[in-house]
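Asker: Before I ask anything, here is the structure I am working with.
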Amino acid sequence: MFLVIFGPPGSGKGTQTSKIAEAYKIPQIITGNIFRGHMKNETALGKKAKEYVNKGLLVPDEIMNAIIEEELNKPVYKKGFVLDGYPRTINQVNFFEKILRKTKIKLDCLLDLLVGDEEIIRRLTSRRTCSSCQSIFNLVFNPPKKQGICDNCGGKLIQRGDDEENVIKERLKVYKKQTEEVINYYKNKGIFYKINGQQDAEKVFKAIRQILDNL
Ligand code: AP5
Ligand code: MG
């Protein structure tokens, strides 16, 4: 199964991607996690990406496209993937379609999580992320069992550098300006499904399962 998950910042893409990956045994590709991994390790790419990520701006297309091309050529994704965070610009869409043709991958399903701006700000200002395995928590909606500690690996929970309110607002602007166009491009393709993302995470997942089980 080849899936792409869309939605504004904080709509629950990462949360649902890991549920899908676990339930359907599909490898996940999370573009934001790739950049955060490089930023943590202070690689050359990480240093470059940081200039954009922490301001809430998109990393330039040529950097993002090169990363995706390398990922999609890995044997692990030949039978399926759930992709969170790409494509986010029309230039990325064009590049993506070219790689899909080359690798003979046909997308099965595009999911779009719908959540309002106020709820997004509520969720992102209370999000905590594991600095080690990148698991996602929320102080209000999904608190860890032990304060400040990841339930899955025991790592330290941190607040993402781009989860400060002004940066969240910038990310929302960027989403509306650049990524809504991508949604408009895909929405009439017949494999595009809108999902109410503003309900309990388990209910969102149930709605996703209903779609995936009927593909
Ligand atoms: P990325 O990491 O993809 O950030 P984003 O799109 O802003 O999305 P988030 O990860 O913030 O939110 P999410 O939808 O995954 O929600 P989550 O599940 O965590 O990208 C970061 C940056 O990387 C970009 O700004 C850019 O700089 C760069 N980048 C990435 N891709 C790029 C690309 N293609 N091109 C160029 N640059 C790129 O949930 C959020 C919170 O809500 C959590 O606390 C969670 O516990 C909670 N929650 C989840 N679901 C629910 C629910 N149903 N009810 C209540 N709470 C919930
Ligand atoms: Mg995410």
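Asker: Please specify each residue of the range 91-107 satisfying the condition of being within 13 Å of ligand 1 (Cβ to nearest atom) and open to solvent by less than 60 Å² (accessible area, probe 1.4 Å).
Answerer: Correct list: GLN92, VAL93, PHE95, PHE96.
Asker: Just to verify a result, which residue in the range 62-85, among those that are more than 17 Å from PHE2 (Cα to Cα) and surrounded by 14 or more Cβ atoms within 10 Å (Cβ to Cβ), is farthest from the chain's Cα centre (by Cα)?
Answerer: Only one residue fits best here, namely ILE63.
Rundown of residues vs (1) within 8 Å of ligand 1 (Cβ to nearest atom); (2) in contact with a Lys or Arg (Cβ under 9 Å, 6 or more places away or on another chain); (3) open to solvent by less than 50 Å² (accessible area, probe 1.4 Å), yes/no style:
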position: PHE2; (1), (2), (3): no, yes, yes
position: ALA21; (1), (2), (3): no, no, yes
position: GLY46; (1), (2), (3): no, yes, yes
position: ALA49; (1), (2), (3): yes, yes, yes
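Asker: Would you say ARG88 is basic (Lys, Arg), closer than 15 Å to GLY32 by Cα, touching a residue at least 12 places away in the same chain (Cβ under 8 Å) and open to solvent by 40 Å² or more (accessible area, probe 1.4 Å)?
Answerer: yes
Asker: Additional query: Looking at (1) surrounded by fewer than 20 Cβ atoms within 10 Å (Cβ to Cβ); (2) in contact with a strand residue (DSSP E or B) (Cβ under 9 Å, 6 or more places away or on another chain), can you tell me which one VAL115 breaks?
Answerer: (1) is the only condition that VAL115 fails.
Asker: Return a yes/no flag: does the range 154-162 have any residue that is in contact with a helix residue (DSSP H, G or I) (Cβ under 8 Å, 6 or more places away or on another chain) and of a type in the set (A, V, I, L, M).
Answerer: Within the range 154-162, none of the residues are in contact with a helix residue (DSSP H, G or I) (Cβ under 8 Å, 6 or more places away or on another chain) and of a type in the set (A, V, I, L, M).
Asker: Here's another thing I want to ask about it. Does VAL59 count as within 15 Å of ligand 2 (Cβ to nearest atom), in a strand (DSSP E or B) and either under 16 Å from the mean Cα position of the chain (by Cα) or closer than 14 Å to PHE2 by Cα (or both)?
Answerer: It is false that VAL59 is within 15 Å of ligand 2 (Cβ to nearest atom), in a strand (DSSP E or B) and either under 16 Å from the mean Cα position of the chain (by Cα) or closer than 14 Å to PHE2 by Cα (or both).
The values are calculated or read from the model by the stated rules, or taken from the named source; none is laboratory data. The structure displayed is predicted, hence computed values, not measured ones. All Cβ positions, glycine included, derive from the backbone under ideal geometry; neighbour counts span all protein chains shown. Side chains are part of the model used for accessible areas, which takes the heavy atoms of the whole protein and leaves out ligands, DNA and RNA. Shrake-Rupley method; radii C 1.70, N 1.55, O 1.52, S 1.80 Å.
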